[in-house]
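Working notes for the structure below.
The values are calculated or read from the model by the stated rules, or taken from the named source; none is laboratory data. Just so it is clear, the structure is predicted and the values come from calculations on it, not from any experiment. Every residue, glycine as well, gets a Cβ built from its backbone with ideal geometry; the counts of neighbours run over all protein chains shown.
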Amino acid sequence: MQSIYYTFNMDYMKKIKTTLFTRLFIYFFILISIPIISFSIVSSTIAKQKVIDGLKLNINTLTKIQETKIESIFEEYRHKAYALSKNEKIINLLKNPSLYNNNKYISEINSTIFSTMKGDTYHAAAVVTSIDGNIRFSTHPLSEEYDLRNHFTILDMASPLMESKPFKYTKILSNNGFNSNNNVSLIMLRYIFDENDKAIGFVLIDIYKQRLKNIVETNTLSTSLIVDTDSYLAAELDNASEYYSFNNYPGLNSRGNEPFSNNTFYKNNYVLSIRQISTTPFYIANYIKDQTFNDNYKQIIILDILAIFFGLFLSLIVAYFLTKEITKPINKLIKSMKRVEKGNLAITIEDNSIIEMQELNESFNKMVIQIINLLQTTKESQKRIYEAEREALESQINPHFLFNTLNTIKSLAKINGEKEIYTISIKLGQLLRSSIYNKNTNCELEKSLELVKSYLTIQQIRFEDKLVVNYDIDESILDIKTPKLIIQPLVENAIIHGLEPKMGKWLIQIEIYKSNGYLIINVIDNGIGFKDKEYMNNLELLSQTKHVGVYNIYKRLELAYNKKASLVFVDNKYGGTKATIKIPLVL
């Protein structure tokens, strides 16, 4: 049973795979569906982003307003603390504790403190105390923690602040272990210095939480925090007397590794806005969880899903009719192409009523005919061109070489006796037989070397002891076939153009060996070298010069090895020229 089911599925999949109607139907359906789905996804994403951007804007605006208000509060109490710390009567009293028994003097100081805090006693309390705690003034009942005669809390707390700065916030958030008054939210401290910059007392101002609560009375959207980044503590503005670590505020903790700076972002399902309170190390933060706007967003998603399903239904209908309309002429074209596959290249596809299909049919017919003609023409043309170029290049060397050899014979016949003429005639016969009667394009290296040696024998007779020839040949590779007449023209070129103009001894060295998958043939002379160096770098320029033999070798190597062989001329380090032929052993 399982085998029958598997066979049925395989046959069904094959049918889907090979049915043009099914393929086109799927393609059209996908093609039409992608824009619908993409538009829905993009629209929902944009909608969500718009909501988030709106929340970021609102919460950022709220945070800026709160930051401005708190900054104003801090600035207000900073000035009051400064005024009290610089009051001459208070400084004089702290310097002269005996004045503490002068009721009139004490009354004036109390009046000064209340006058400084006038109109603000419901929002804050001011405390002035000596460094040892024996002198104390307060606008409100003095907290036991501020009595420094038995406690050292303020001194312990303030000791890190004994710096050149005259003012710092000692504790932005009150913990009830320091001040038992649950109404206190913020504590501000300022030192009182004498004329020698010695700390002689403190001014402390307790800011009640009602003052901060007024800032967030209109905020029902988000959670508003005041943050102490030094101690990693935070408290809600409407109840700043109770503070906790950052872990108690998931919205604040959602920032991850983001540093504390003026920024508003959406991260970890929270919209969070942070701003630093100027002149303080503290921050105002507001955050809101995205759950508050998810309900509206879900409605948008539902509408998008309904639109997607409706669009997909329309896509099915449109895809079906489009596919059916196209498959009819396509099926006819397929039948004609199958006949072409069987070898009937002369087939003509019948006309079609659809203009585009008719143009396709006509183009197909013309294309098949052109391909047939082009293949035939190209094949014949390439063969003719190759043969003509090969024959032309090989034929160039025969009269060129024969002319130079005959000149040699005539010169020696005039100067020397019959022995030399006899030897030259034999070698010349060998050369002529090899170049004229041998119709093969390639020959073994051994035969090429015999030709070279015949030529050099003639030249050694001609120039006697002046010409020295050395051979360095790997005997194991002499059976390798190469294009004929590729070594002798290089030797001839070296003698005529390199050695004949040179005084003294002449040297020709021939090296043949294998290296890294290539056959290397070197012809080295100690002549005068190339006069025109540009020819050494571009052998194509030789086609317009009298160096027929060298150019002939260059072009035949290019044709025979499809530009994988090379002919290179370089200056010999001992003087003269080194010609190197490099032929791949495996093509």
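Report yes if TYR554 is free of Cβ contacts under 8 Å to residues at least 24 places away in the same chain and out of contact with any Cys (no Cβ under 6 Å at 6 or more places or on another chain), otherwise no.
yes
Checking the structure you have, find out if any residue of the range 52-75 is within 30 Å of LEU312 (Cβ to Cβ) and at pLDDT below 85.
Within the range 52-75 (the criterion being within 30 Å of LEU312 (Cβ to Cβ) and at pLDDT below 85), the answer is yes, since at least one residue qualifies.
Residues that are part of a loop (DSSP other than H, G, I, E, B) and at pLDDT 85 or above: does the range 225-234 have at least one? Before the answer, list the steps.
In the first step, residues of the range 225-234 are kept if they are part of a loop (DSSP other than H, G, I, E, B); the result is 229-232.
Those still in the list that are at pLDDT 85 or above too: none.
No, there is no match, as no residue in the range 225-234 is part of a loop (DSSP other than H, G, I, E, B) and at pLDDT 85 or above.
When you go through LYS582, LYS533, LYS563, LYS514 one by one, which is the residue that is among the charged types (D, E, K, R) and buried (at least 16 other Cβ atoms within 10 Å of the Cβ)? Even if it seems obvious, please write down each step before you answer.
On the way: LYS533 fails: buried (at least 16 other Cβ atoms within 10 Å of the Cβ); LYS563 fails: buried (at least 16 other Cβ atoms within 10 Å of the Cβ); LYS514 fails: buried (at least 16 other Cβ atoms within 10 Å of the Cβ).
None of the other options fit; the residue is LYS582.
Collect the residues in the range 250-284 that are of a type in the set (Phe, Trp, Tyr), without any contact (Cβ under 8 Å) to a residue 40 or more places away in the chain and either surrounded by fewer than 20 Cβ atoms within 10 Å (Cβ to Cβ) or not assigned by TED's automatic domain parsing to the domain that holds LYS50 (or both), keeping them in residue-number order. Quick ask: steps written out before the conclusion?
Initial filter on the range 250-284 (of a type in the set (Phe, Trp, Tyr)): 260, 265-266, 270, 282-283.
After this cut, where a residue has to be without any contact (Cβ under 8 Å) to a residue 40 or more places away in the chain as well, the list is 260, 270.
Scanning the range 250-284 gives a single hit, PHE260.
With respect to ASP465, determine if the residue is acidic (Asp, Glu), under 17 Å from VAL568 (Cα atoms) and assigned by TED's automatic domain parsing to the domain that holds THR577.
Taking the combined requirement at face value, the residue does not satisfy it.
Within the range 290-307, track down each residue that is within 16 Å of SER38 (Cα to Cα), at pLDDT below 75 and among the hydrophobic types (A, V, I, L, M, F, W, C).
The answer is ILE300, ILE301, LEU303, ALA307.
Scan (1) out of contact with any Ser or Thr (no Cβ under 6 Å at 6 or more places or on another chain); (2) in contact (Cβ under 8 Å) with a residue 12 or more places away in the chain; (3) not in a loop (DSSP other than H, G, I, E, B) for the single condition ASN562 breaks and write down its number.
Going through (1) out of contact with any Ser or Thr (no Cβ under 6 Å at 6 or more places or on another chain); (2) in contact (Cβ under 8 Å) with a residue 12 or more places away in the chain; (3) not in a loop (DSSP other than H, G, I, E, B) one by one, ASN562 breaks only (3).
From the list ASP571, ASP525, ASP532, exactly one residue is in contact (Cβ under 8 Å) with a residue 12 or more places away in the chain and over 19 Å from ILE473 (Cα atoms). Which is it?
Step by step, each of ASP571, ASP525, ASP532 is checked, and only ASP571 is in contact (Cβ under 8 Å) with a residue 12 or more places away in the chain and over 19 Å from ILE473 (Cα atoms).
Quickly run through the range 258-283 and pick out the residues that are aromatic (Phe, Trp, Tyr) and not in a strand (DSSP E or B).
PHE260
Scan the range 235-257 for residues that are in a helix (DSSP H, G or I) and under 21 Å from ILE73 (Cβ atoms) and jot them down.
Once the filter is applied, which keeps residues that are in a helix (DSSP H, G or I) and under 21 Å from ILE73 (Cβ atoms), the range 235-257 yields LEU237, ASP238, ASN239.
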